[in-house]
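Below: one structure, written as structure tokens.
What follows draws every value from the coordinates through simple rules; no lab data is involved. What you are looking at is a predicted structure, and each value in this text was computed from that prediction instead of being measured. Glycine also receives a Cβ, built like all others from the backbone with ideal geometry; neighbour counts cover every protein chain displayed.
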Amino acid sequence: MKRGEGGAAADTAGRQRRCRGTQREAILEGERMNTTQASPATRTVKALGLCSGGLDSILSALVLRDQGIAVTWVSFETPFFSADKARAAAAAHDIPLLVRDITPRYLEMMKAPPAGFGKNMNPCMDCHSLMFHVAGEMMESEGYDFLFSGEVMGQRPMSQNRSALRYVEKHSQHDGRILRPLSAKCLPPTPMEESGLVDRERLLDLSGRTRKPQMALAEKYGVKDYPSPAGGCLLTDKGYSQRLCDLFDHQETYTPRELHLLKHGRHLRLTPAVKIAVGRTQAENTELATLVDADRDLVLKVMGVPGPTVVIPNGGDEAAVLLAASICAGYSKASNEEPAQVQVASGSDHRLVTVLPLPPAKAKRYLI
Ligand code: SF4
């Protein structure tokens, strides 16, 4: 739809008229933020949104799509969170999805997030800033008009209050280019609304912790399957955060593989330089085995009886290996009263060590 069509009038503040329509078109002139050059060409407005795959992300995209804006999602991956839920949402709602792995930049940010951490190792405000920062780079290079997200003011007291939303926008380095369609009417108008690129009247005024308005909107848009708002980020998990903290405290550098290892099994620190991961179930044993680096790690198994897979990431000295073998035997079905044989494998090399099992009650002091 072109400027002047559709019957909407300029409001008293003299804003440009807002466009409506299912296939929204806008006139470039005066509408393209950061662009001073006028162009008479018409085109479809394109928005790039952050997507977690949750209901708020979905609704924010549908609200914009409802007014004819071409929405695309971007979802980010690190060892702490994946784009799987976003993939499901994109498939369910037929919204194009871009997935980017931002692990190196994320780990750099994690060293000292300016706004600090939440209850656990979650640097939510700087995490959002970084995501918008990267999305903004994509916006610039791929020709999107603005960014959006499903954030709702006051939904999360610490990371989605008014000042947190402002912090995120400012630190994303894309100030004035971020729209929160679900809470837009509770926030000052953005340049996108002021210029008429987006119809503010068709945005929402959701705020607070209640989910009822989102439920009603889900009904309206026929959104049936969506994940619960909680979960999905390991940095909010207490156990994972403790293990991550321990890793940060003991290593200058760490690989994505080491961060994935923290997801599985019990973790015990034997010395400042050596820690182990002990599988608690057959599934965890399998997961640990898939993450082993045959050139660097040692893998321990008790001989002759069922027991855990124990991984020593990056190996360890002999005293640490023998202690790990005792712990491995202690968590196995071997008798705690008799010596047990434990296989220590390094790639295709293996040897046997004989140790007295260390009962779990005594191994507890090493638990991270
Ligand atoms: S919960 Fe995790 S993914 Fe979400 S903002 Fe916080 S740190 Fe980032």
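Listed values, structure above:
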read-out: Potential extension, GLU338-LEU352 segment - 0.36 nm per residue separation minus Cα distance; value: 3.5 nm
read-out: Pairwise label distance in nanometres, GLU108 with THR281, each label 7 Å out on the Cα-Cβ vector; value: 3.8
read-out: Counted charge near THR72, where neighbours are those whose Cβ lies closer than 12 Å (Asp, Glu -1; Lys, Arg +1); value: -1
read-out: Long-range Cα-Cα pairs in the chain (distance over 28 Å), rounded percent; value: 54
read-out: Label-to-label distance, nm, for residues given as GLU318 and ARG87 (7 Å Cα→Cβ offset); value: 4.7
read-out: Relative contact order (%) - criterion: Cα under 8 Å, at least six apart; region: the range 242-368; value: 23
read-out: Extension gain (nm, one decimal) between ALA216 and LYS119, 0.36 nm per residue minus Cα-Cα; value: 31.8 nm
read-out: Sum of side-chain charges, ALA277 neighbourhood, beta-carbon under 14 Å (Lys, Arg +1; Asp, Glu -1); value: +3
read-out: Surrounding net charge for PRO96, when Lys and Arg each add one and Asp and Glu each subtract one, Cβ distance under 12 Å; value: +1
read-out: Over the range 258-355: Rg over Rh, Cα atoms, Kirkwood Rh; value: 0.92
read-out: At R0 = 25 Å, FRET efficiency that the Cβ-Cβ distance of LYS170 and LYS46 yields, to 0.05; value: 0.60
read-out: Size-normalised alpha-carbon gyration radius of the range 154-266, reference 2.2 N^0.38 Å; value: 1.44
read-out: Percent RCO, i.e. relative contact order, over the chain, from Cα pairs under 8 Å lying at least 6 residues apart; value: 13
read-out: Mean residue ellipticity (222 nm) of the chain, computed from DSSP H runs ≥ 4 via -39,500 (n - 2.57), nearest 500; value: -9500 deg cm²/dmol
read-out: Within the range 46-233, percent of DSSP bridges classed antiparallel, to nearest 5; value: 5
read-out: Simple Cβ-charge dipole of the chain, Lys/Arg +1 and Asp/Glu -1, about Cα centre, in debye nearest 20; value: 1060
read-out: Label point distance in nm, ASP94-ASP246, each placed 7 Å from Cα along Cα→Cβ; value: 5.0
